[in-house]
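Asker: Please find one structure pasted underneath; my questions will follow.
The values are calculated or read from the model by the stated rules, or taken from the named source; none is laboratory data. Being a predicted model, the structure only gives us computed values, none of them experimental. Quick reminder, even Gly has a Cβ in these numbers, built from the backbone with ideal geometry, and neighbours come from all protein chains shown.
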There are 2 protein chains.
Amino acid sequence: MTTSSDNLFCPEQNFYGPASKKIYVDGSLYPLKVGMRKITLSKTYTLQESSFSELPMYDTSGPYSDPSAKIDLQKGLPCIRDTWQTQQKETRPSNQSSHKPLNGRTPIRAAEGGSVTQMHLARKGIVTPEMEYVAIRENQMLEEWIERFSIGGNTFSPVTAEFVRDEVARGRAIIPANINHPELEPMVIGKNFRVKINANIGNSALGSSIQEEVEKAVWACRWGADTVMDLSTGSNIHQTREWILRNAPVPIGTVPIYQALEKVGGVAEELTWEIYRDTLLEQAEQGVDYFTIHSGILKDFLPVAARRMTGIVSRGGSIIAKWCRAHKRENFLYTHFDEICEILRAYDIAISIGDALRPGSIADANDEAQFAELKTLGDLTLKAWEYDVQVMIEGPGHVPLNLVAENMTRQLEYCHEAPFYTLGPLVTDIGAGYDHINSAIGGTLLASLGCAMLCYVTPKEHLGLPGKEDVREGVIVHKLAAHAADLAKGNPTAWLHDNIMSTARYSFAWEDQFNLSLDPVKARKWRKESSPEQGENIEEERFCTMCGPDFCSMKKSQEATE
Amino acid sequence: MTTSSDNLFCPEQNFYGPASKKIYVDGSLYPLKVGMRKITLSKTYTLQESSFSELPMYDTSGPYSDPSAKIDLQKGLPCIRDTWQTQQKETRPSNQSSHKPLNGRTPIRAAEGGSVTQMHLARKGIVTPEMEYVAIRENQMLEEWIERFSIGGNTFSPVTAEFVRDEVARGRAIIPANINHPELEPMVIGKNFRVKINANIGNSALGSSIQEEVEKAVWACRWGADTVMDLSTGSNIHQTREWILRNAPVPIGTVPIYQALEKVGGVAEELTWEIYRDTLLEQAEQGVDYFTIHSGILKDFLPVAARRMTGIVSRGGSIIAKWCRAHKRENFLYTHFDEICEILRAYDIAISIGDALRPGSIADANDEAQFAELKTLGDLTLKAWEYDVQVMIEGPGHVPLNLVAENMTRQLEYCHEAPFYTLGPLVTDIGAGYDHINSAIGGTLLASLGCAMLCYVTPKEHLGLPGKEDVREGVIVHKLAAHAADLAKGNPTAWLHDNIMSTARYSFAWEDQFNLSLDPVKARKWRKESSPEQGENIEEERFCTMCGPDFCSMKKSQEATE
C-alpha cells in the first residue's frame, strides 16, 4: 500500500499511492507527451461551479512514476526531445572535450555563427517545443477552471505557449535546456509561473558514492524537485555528472569552478581561464543545463567583504577571492564574460549568475558588499542578453525577515526582472538542525514577492552532508514554501489544490487528503499509525485521534449548521 | 555528553550540555531569584565594543535544569511566589469547589470587593514582584549591551519593571499568573517584549496517560515553551491538570468548556451556564493561569459560517454553535461575560478570548465571519478591562501569506492592542505531516508585525495526537519563528545571540555553535555523526563534511581577506 523507497528504479503504479496514475498530455503544435500525475478522487467535488472527480498534478518525477517505463541506469532515460522536430536549430558535432556520453550520442553545438538558445528563438518570434511543453505543464489540464476562477473579482488566464515565448524573449523567464540533454522534460523559471525549487546533491571529498548521488537526484525529483544541482567536489566528478544527466528528467545545474579547482589540485591560485573554459566545454558537451558562475565579485569588493562578520560564504566566491588576491588581478570570470557567453550560447546553457557576496549571517544582510555585487549582476545580465543567453540571478543567504522584501525590490530593479533564484533566505543564524525550516520561512516571503526559484536547504545545513531522508525533508519543505507563495500570488491551480484538500478534510475523505498532501506517503503512514485499530476502514471515520469523536470540531460544525 | 530524555525529572548539570549552567539573578525591589541558563563560551567574542566570554539565555525550563533541585512529582515544585512579599494582595480562602491541591495549600481568592489582578495593581501604579521578575528575564543580564547596541542608528533601552507596569496597565501586555499557582515563574506576553510560544498538550479520549502528559509539559518547557495549554478531553481531566499545574514552572492555560462538556457526557446541548461556571471555579482554585473562552461567537454569525468551505474548526466554537442552534439562544459565554470577568478577577486569571470562527482553510481566510467575530472580541476586551482582567486575543488559523498582515492590522485596531495569540497561521492547506513548518512560516511573519505569542503546531497536526518527539519539533520550530520575529523587530538580545553564533561559526568554534543553537542536543549529535573519526577533537576542525577542507568557503574567505 505505501510506497517503499526501494523500488525507485522499478516504477510501478503505486509510486505515490493507489489513486495516482501517470498520464501524458499531447501537444497541439508539436508531438509532445507531457507527463502529469492524475489523482482519482474518492468522490466528486464541486468548486466555483466546476466539478472534479479527478485532479491532474504537476509532476517532476519523469519516467520513474510510469509503470510502463523500463529504467536502465547504464543507458539512461529515453531521449524524448529528439522526437520534437526542432528543425529550427542548426547544429553541428561538438568535439571540444574527450567526452563520450553514456547514451552513445555525439555531443552537438550551434553551427558557426548560429544560436540555439530559447531566448534567441523567442526573440525571433518562434514558439519552440520546449515553450509549448512548459505551457501545458503549468496549466495542469485545468484551462477551463482557470478561465472560470476568480478571487475577489480578479480573473485569470491559462498559460499559453505564446506567453511563455514572450516572457523568455523579455528575459523574465528561462527554460534551462542544454541541447545535449535530450532526456530533459522542460520547465520554466520566472515570476509569472509556478514557483520552482532546486535540490542540491553532490558528494564531497569526505562522503557518499556515485550510485548514491544518482539515487539522490531521482529521489529529489520524486518528491518534487524542479531542478537538481550537482555540487560534487570529490573524485569521479565527471562520471557522477554523466550518470546524473543521463538519468535526470529535470534540468541539471553545476558550479563549474568546483571541477576546475579539482583539476589544479584544490589550489585556487593555480586556476587559469583556460582550465576553467575547458571545464565549461566539457560540461557543456555532457548536457549541463545551467551553470552557476561567480562573475560579479570584483576585486574592489574584497576589502568591503573583509569587514563583514562572516566574510564570503559562497564556495565559488571564496575561491575567486583567493585567486584575485594572489594574482592582484580582476576576477577572470568577469574579464572573460564575453567568451563565457559565447560558449553558453552554443549549447543553450542558462547562466545562474552567482552571488559570491551573499550574506552568511544576519549581521551582514543587505550590506554594501551584497548590493554592490547585485548591481554588477544586473550589468552582466544585459551583456548576457546581448548574446541571447538565458539568465537567472542568485540571491541570499541569511536575511532577517524585515529586510527580505528589499532584496526582491532591488533585484527586480538592478537585474531587469531576470528570474531570482535564492538560497532561503534563512531568517536567523541559530537554527542548526532546523535550517530547512529557517530557509522556508524567508523563502516563502521572498517567493510571494516574485522570487522564481528557491534552492532547498536540508536539515543538515551547517552540520554535515545530507542523507536521503534529509533530501526528502528539504524538498518537501521547500515545495511547501513554493506552493504557499503560489497561493499568495493567486495561482489558480494552487488554489484549486487547497480548495479540494479542505473540502476533502471537511468531509472526512481521508484517502483524498493523503493523495492531495505534499507527502502522501508520510500523511497516510502517520494517520494509520494513529488509528491502528481502524485498519483499512479509515475512510469511514468521521474524526481523528487529535480530538476524538466527541470533540471533532468539523463533525460538530456540520451538525450545527446543517 | 549528550543529554538523554530519561533524566527529565533528575536535573543535572548537563541538561543542555556541559557548557550551560543554571544561574539565578536577584531582584532589586523584591527577593526574587530569576532563573537563566548561562553558556560559558570557549573564547571571548567582541561585538560592538563589548566582550563576551559567557552568554546568559532566557530559560523556560524552571528547576528541571537546576542540579541542586529535587523533583518530586507527587509534591510539586517549590512555591517560589510565596516568598515575594506580595502584601498588596488581599485574599481570603476560596472554597467554590471540592478541590484539594497536591501541594496541601488552601486555594485563595481576592477578598470581597477586592482585586488581585496584575492589571489592577498596574493601574494603581504598583510595580509587582511579577513585573520585576519579567523585566529581569527579558533583559537576560544584558542591560549594558542593550544600551550600547544600535542597528542602523537606532538605539534601544533595557526593559524596566516600570515599563512592564505601564504596558500591563495599558492592556498591551499580560502576565498570566493565577494567585493559586505559586510554583509559577512569571512571564510577559505583549508586542513590546520577546515573542513567546505556547505548547498544547493533553490526552484525548483515544490516547496517552496522565504520567505522559506531565512529562510532555516538562519536556515542552525544556525545549523552550513559554506557556503550556492542557487541552485534555478524556477521563481524569481534573487530576491530569493538577499534576501539570503543581509541576509546571510556566503559565498553564485551558479551555474550560472541554471539561464542562465531559460533565454533560459530551452532549453540547446539555451544557448550562451553571455547569460552566462551576468548571471555571474548580480550575480557578487549581491555579490555571489563563482560560480560552469563546465568548465572541454570536448566533447571528452562524449562518455566515455555514456558507464557509470548512465551517467552524475551533473545538470550543463548534460546541457553542451546537448549543446556540439547539436552544435558539445567544451564546451563554457572551451573555454571562460579566460574571466570567468577576471570577477571572478574583484569581487573576487572564482571558484568552477564543476565535471560534478562525478560518480552517485558505478559502475561508479573512472572511466576513472571521472579522465580525474579531470586532466582537474587541468589544469584549474593553468590557474585561473594566474589570481589570488581563486579556489576549486568539487568532487564525489558515491564511495565505498575502493576507497575513491584514490580520495583524485589524486585530490591533479592533482589539485596542491587546496581545494577539495565534495558531500559525498556516499558509497552505496541503502540508499534512509538515504543518509545524507551515505554521512557522505564517507565524514568523505575523509575529514580526506584532503578534505576541504563537501557539505551536506539531508535525502530527491534522493526522493524529503528537508524541514526545512531535512536541520537541513543534516547540523548536516555533522558537525559531519567534526568534526570527524578534530579530526582525530589532530585539537587541536576539541580535547578540545571532551575532555570537555567526562569529563562532566563522571561527570554527563548534562547541559554541552547538550551545548557541536552538536545539544544542541535535546540533551536537548530528555534527558528531557526520565526523565520527574526529571524536572529541571536533573543536580543531576548520571545515565540515558539507564541503570538505578544500571547499570550505569560510576557511578560504579568511585566507583571502586576512
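Asker: Report whether or not A:E215 is under 27 Å from A:Y30 (Cα atoms) and among the charged types (D, E, K, R).
Answerer: No; evaluated as a whole, the condition is false for this residue.
Asker: Only one residue in A:G202, A:G287, A:G234, A:G207 is at pLDDT below 95, out of contact with any Cys (no Cβ under 8 Å at 6 or more places or on another chain) and over 30 Å from A:K522 (Cα atoms). Which one?
Answerer: A:G234
Asker: Also, quick follow-up: All but one of (1) more than 14 Å from chain B (Cβ to nearest Cβ); (2) in a helix (DSSP H, G or I); (3) under 19 Å from A:G202 (Cα atoms) hold for A:E262; which doesn't?
Answerer: (1)
Asker: Do we have B:D519 as facing chain A (nearest Cβ under 8 Å) and either free of Cβ contacts under 8 Å to residues at least 12 places away in the same chain or of a type in the set (D, E) (or both) here?
Answerer: Here the answer is yes, as B:D519 does meet what is asked.
Asker: Out of A:R542, A:R527, report the one residue that is touching a helix residue (DSSP H, G or I) at 6+ places or on another chain (Cβ under 6 Å), at pLDDT below 95 and not polar (S, T, N, Q).
Answerer: A:R542
Asker: If we keep just the residues of the range A:44-75 that are in a loop (DSSP other than H, G, I, E, B) and of a type in the set (D, E, K, R), which is farthest from the chain's Cα centre (by Cα)?
Answerer: Ranking the candidates gives A:E49 first.
Asker: When the range A:501-516 is examined, which residues are found to be buried (at least 20 other Cβ atoms within 10 Å of the Cβ), facing chain B (nearest Cβ under 9 Å) and not basic (K, R)?
Answerer: Those that are buried (at least 20 other Cβ atoms within 10 Å of the Cβ), facing chain B (nearest Cβ under 9 Å) and not basic (K, R): A:M501, A:S502, A:T503, A:Q513, A:F514, A:L516.
Asker: For the list (1) without any contact (Cβ under 8 Å) to a residue 60 or more places away in the chain; (2) β-branched (V, I, T); (3) closer than 20 Å to B:D230 by Cα, I need the number of the one condition that B:I476 fails.
Answerer: The single condition B:I476 does not satisfy is (1).
Asker: To continue, here is another question. With respect to B:V471, determine if the residue is surrounded by 24 or more Cβ atoms within 10 Å (Cβ to Cβ), assigned by the TED database to the domain that holds B:V391, β-branched (V, I, T) and under 22 Å from B:Q140 (Cβ atoms).
Answerer: For B:V471, the condition - surrounded by 24 or more Cβ atoms within 10 Å (Cβ to Cβ), assigned by the TED database to the domain that holds B:V391, β-branched (V, I, T) and under 22 Å from B:Q140 (Cβ atoms) - is not met.
Asker: Same structure again: From the list A:D550, A:D486, which residue is modelled with pLDDT of 95 or more and of a type in the set (D, E, K, R)?
Answerer: A:D486
Asker: Within the range A:341-387, track down each residue that is touching a Cys at 6+ places or on another chain (Cβ under 9 Å), outside any helix (DSSP H, G or I) and either within 14 Å of chain B (Cβ to nearest Cβ) or buried (at least 24 other Cβ atoms within 10 Å of the Cβ) (or both).
Answerer: Across the range A:341-387, the qualifying residues are A:I351, A:I353.
Asker: Any residue at all in the range B:248-268 that's among the aromatic types (F, W, Y) and either touching a residue at least 60 places away in the same chain (Cβ under 8 Å) or not assigned by the TED database to the domain that holds B:C455 (or both)?
Answerer: no
Asker: Here are some residues: A:S295, A:S314, A:S232. Which one is without any contact (Cβ under 8 Å) to a residue 40 or more places away in the chain, touching a helix residue (DSSP H, G or I) at 6+ places or on another chain (Cβ under 7 Å), under 24 Å from A:C455 (Cα atoms) and in the same structural domain as A:A220 (by the TED database)?
Answerer: A:S232
Asker: Continuing with this model, one more query. Which condition number does A:V457 fail, the rest of (1) out of contact with any strand residue (DSSP E or B) (no Cβ under 6 Å at 6 or more places or on another chain); (2) within 8 Å of chain B (Cβ to nearest Cβ) being met?
Answerer: Looking at each condition in turn, A:V457 falls short on (2).
Asker: I would also like to ask the following. Does A:N438 qualify as being under 26 Å from B:T428 (Cα atoms) and without any contact (Cβ under 8 Å) to a residue 12 or more places away in the chain?
Answerer: no
Asker: Before we move on, is A:L446 more than 10 Å from every other protein chain (Cβ to nearest Cβ), aliphatic (A, V, I, L, M), in a helix (DSSP H, G or I) and under 18 Å from A:A405 (Cα atoms)?
Answerer: Yes: the conditions hold for A:L446.
Asker: Taking into account only those residues within the range B:305-340 that are in a helix (DSSP H, G or I) and in contact with a Cys (Cβ under 9 Å, 6 or more places away or on another chain), which is farthest from B:Y421 (Cα to Cα)?
Answerer: Across the range B:305-340, the extreme among qualifying residues is B:F332.
Asker: Search the range B:132-160 for residues being of a type in the set (D, E, K, R) and farther than 18 Å from B:I23 by Cβ, and hand back the single one that is surrounded by the most Cβ atoms within 10 Å (Cβ to Cβ).
Answerer: Within the range B:132-160, the match that is surrounded by the most Cβ atoms within 10 Å (Cβ to Cβ) is B:R148.
Asker: If you scan the range A:419-457, which residues turn out to be within 15 Å of the chain's Cα centre (by Cα) and either at pLDDT below 95 or among the hydrophobic types (A, V, I, L, M, F, W, C) (or both)?
Answerer: A:F420, A:L423, A:G424, A:A440, A:A447, A:C451, A:A452, A:M453, A:L454, A:C455, A:V457
Here is a yes/no grid of residues against (1) outside any helix (DSSP H, G or I); (2) surrounded by fewer than 24 Cβ atoms within 10 Å (Cβ to Cβ):
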| site | (1), (2) |
| --- | --- |
| B:T240 | no, no |
| B:L245 | no, no |
| B:G253 | yes, no |
| B:E274 | no, yes |
| B:R277 | no, yes |
| B:L281 | no, yes |
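Asker: Can I ask one more? Tally the residues that are more than 9 Å from every other protein chain (Cβ to nearest Cβ), surrounded by 24 or more Cβ atoms within 10 Å (Cβ to Cβ) and not hydroxyl-bearing (S, T, Y), restricting the search to the range A:289-330.
Answerer: 6
Asker: Kindly evaluate B:V475 against the criterion of being assigned to a loop (DSSP other than H, G, I, E, B), at pLDDT 95 or above and within 12 Å of chain A (Cβ to nearest Cβ).
Answerer: So B:V475 does not fit the description; no.
Asker: Okay, moving on. Run A:T335 past the list (1) of a type in the set (S, T, Y); (2) surrounded by fewer than 20 Cβ atoms within 10 Å (Cβ to Cβ); (3) within 23 Å of the chain's Cα centre (by Cα) and report the number of the one that doesn't hold.
Answerer: (3)
Asker: Which of the residues belonging to the range B:290-300 are in a helix (DSSP H, G or I) and either modelled with pLDDT of 95 or more or acidic (D, E) (or both)?
Answerer: B:D300
Asker: Answer yes or no: is there a residue in the range A:322-336 that is closer than 17 Å to B:S553 by Cβ, of a type in the set (S, T, N, Q) and touching a Ser or Thr at 6+ places or on another chain (Cβ under 6 Å).
Answerer: no
Asker: Considering A:R358, A:R410, which residue is more than 15 Å from A:T292 (Cα to Cα) and of a type outside the set (F, W, Y)?
Answerer: The unique qualifying residue is A:R410.
Asker: Same structure, new question: Restricting attention to the range B:364-390, which residues are farther than 30 Å from A:L496 by Cβ and in contact with a Pro (Cβ under 8 Å, 6 or more places away or on another chain)?
Answerer: B:Q390
Asker: Let me ask you something else. Anything in the range B:418-432 that is more than 7 Å from every other protein chain (Cβ to nearest Cβ) and part of a loop (DSSP other than H, G, I, E, B)? List them, or say none.
Answerer: B:A418, B:P419, B:G424, B:P425
Asker: How many of the residues in the range B:397-417 are away from every other protein chain (no Cβ under 14 Å) and of a type outside the set (V, I, T)?
Answerer: 8
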